[in-house]
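Engineer: First the structure, then my questions, so here it is.
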Amino acid sequence: EQPNGKTIQKRVLVLDSEGIDDPSQDENWTMKLFILCLVISSTFVYNINGIVNREDIGKLHLMTDLSKFIQEPKDEDFLPRLVILLRDFVLENPGNFKDYFLKQLNNINTGAAKAIRESFHDFDVYGLSVSIGKFL
């Protein structure tokens with residue numbers, strides 16, 4: 001309810017798609033699905049299983065250069081809010097997952113790190129240990 005007494009009703013649609021790494025799917029198909037989910041989302045949750053690696057960074061970097069695949073609108077910022085979920089995180093709790101992620105990002109690919117920071121000005125990173133809820 002708002003201060004003026006009016007109630008705003010919102011609906012939430014959650015779309016869970018197969019991952020970009022699904023070995024049972026054609027790479028071309030998964031890339032198209034990935035881009036479709038990215039452009040229709042207001043919040044995009046990107047799951048990384050375990051430790052951040054070069055391949056994960058490459059896929060995130062792809063999101064910053066969609067002009068290869070679609071025509072981006074000229075007058076607005078259209079990328080969704082990004083949430084990175086580090087699933088099955090087995091290392092010691094770093095305290096701040098965003099700082100940990102940015103450090104890993106810089107160590108792996110500084111160009112991709114810069115592009116991701118510029119494209120997604122504000123993003124969140126959360127870690128889930130194998131025993132769910134330990135780091136939340």
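The values are calculated or read from the model by the stated rules, or taken from the named source; none is laboratory data. Predicted, not measured: the structure shown is a model, and the values here were computed from it. Please note: Cβ atoms are built from the backbone with ideal geometry, for glycine as well, and neighbour counts cover all protein chains shown.
Table: residues versus (1) at pLDDT below 80; (2) basic (Lys, Arg); (3) under 27 Å from residue 11 (Cβ atoms).
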| site | (1), (2), (3) |
| --- | --- |
| 46 | no, no, yes |
| 55 | no, no, no |
| 70 | yes, no, yes |
| 84 | no, no, yes |
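Engineer: Pairs, please: C-beta under 6 Å, at least 6 apart or cross-chain, first residue without any contact (Cβ under 8 Å) to a residue 60 or more places away in the chain and in region 118-129, second assigned to a strand (DSSP E or B) and surrounded by 17 or more Cβ atoms within 10 Å (Cβ to Cβ)?
Structural biologist: Qualifying pairs under 6 Å: 120/82; 123/82; 125/84; 127/86; 127/89; 129/89.
Engineer: Now for a separate question. Taking only pairs six or more apart or across chains, which ones have beta-carbon atoms under 7 Å, a first residue in region 17-28 that is in a loop (DSSP other than H, G, I, E, B), and a second residue that is modelled with pLDDT under 75?
Structural biologist: Going by the 7 Å Cβ cut-off, the qualifying pairs are 25/18.
Engineer: Go through 88, 75 for me and flag whichever is on the phi > 0 side of the Ramachandran plot and at pLDDT below 80. Lay out the reasoning, then the answer.
Structural biologist: Values: 75 fails: on the phi > 0 side of the Ramachandran plot.
Within the list 88, 75, the selection yields 88.
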